[in-house]
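The next block holds one structure in the form of structure tokens; read it before the comments.
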Amino acid sequence: MSEKIENKIGQLETSGREERIDFIVENVLKRIENVPAEKRFQEILNIIRSYGIDIKKEELEACMLIEEIVEEALEKGEISQEKERAIEKTIKENKNIGQWIKKILLIGVMLLAPLYNKNKDLSTAEKELVQKAKIETVKTSNTKKESLEKIPNDLEKPVNFFKNLEFIKGNFYVLDKSDKKKPTLYEITKEGRIVLKEIVGIGKEEGDQDEGYTTPAGIYMFSRWLHSEDIEIYKKNDNTCDIFRLLGYSINGKQTEDIGIHRVYPPEEKERIKKLLRTESSKRFSNRCINVEKSSFEKYISPSFNKAGGEGKLFLIIMQEKNAFDEEKWKTITPKMEHDVNIVLEK
């Protein structure tokens, strides 16, 4: 298993079994694209087992059923009605098998479709079975998407405030640091819908001995105005950098420009990734900056900056401890942010 995939699966442990399995299924499909048809299901099983997923008795029986079906399809060029009924029965028995094996069964049906008798078109029953698989896969995908759209209760009021700020034209980020074991970065649309949810590393807790290393609550704009030392550490082969400076104002009205958001700090990457993956570990390990897992930074953070239009267009709101929302203080600093944005956009 690649280190990137392993790290992502570890992070998803905190998001629940279903979200973790959704991610695994997506990667299974990618990894078997170039595997010969007759070896695909065995490869699926090998990959699933390599992820260390415990298989219950009913789930193991379902796996064995599909292995039998693969063998039959290869030998006879078709799947018997008996086996079709067995598949349908297993799919319907949701209470007896885990949701993940249901998905694998559905995928297995679709993979087997090309192995049916090549001298005839799929029968009506076979077409219906494959269609059921596709519909169920779409339903599962939609359920997952909808589950990520709900704003946590204690963030509803601040999100409504921020999304209505005139100078925020599109998506924006909110950092919820109320749980020191799960500080969470959200990307939120102008309509208030969540499109990214990621556990990140942040600075020391307010009140700690090293108080100068906290990640200060406030509002900030993403910027590529980088220090030379930042460029040296985060520069990639294509001359881009996995880091943004955060320029703006802390909740106390202080102008702040010495923090950033970047991929996990390379010199300490292994140690910090371990802390990100361990559910029991505090994620307050940085010196003020926000640490994001490398693949997520490249897939979401950098493209968001470019999509927004660059300097003065993408914003991050860092919430106060325990998501306290002092609206009067936010009303004091947001006009300052808007003033700076106008200056940047006029240049």
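Every number here is computed from the coordinates shown, using simple stated rules; none is lab data. It should be emphasised that the depicted structure is a prediction, and the values quoted were computed from it without experimental measurement. Every residue, glycine among them, receives a Cβ derived from its backbone with ideal geometry; neighbour counts consider all protein chains shown.
Side notes on the structure shown:
- The set of residues in the range 320-341 being out of contact with any Lys or Arg (no Cβ under 6 Å at 6 or more places or on another chain) and aromatic (F, W, Y) consists of W330 alone.
- Listed by position, the helices (runs of 4 or more DSSP H) inside the range 226-334 whose residues that are charged (D, E, K, R) and surrounded by fewer than 18 Cβ atoms within 10 Å (Cβ to Cβ) number at least 2 are 228-234, 269-277.
- Among the residues of the range 296-319, those identified as polar (S, T, N, Q) and in contact with a strand residue (DSSP E or B) (Cβ under 9 Å, 6 or more places away or on another chain) are S296, S302, S304.
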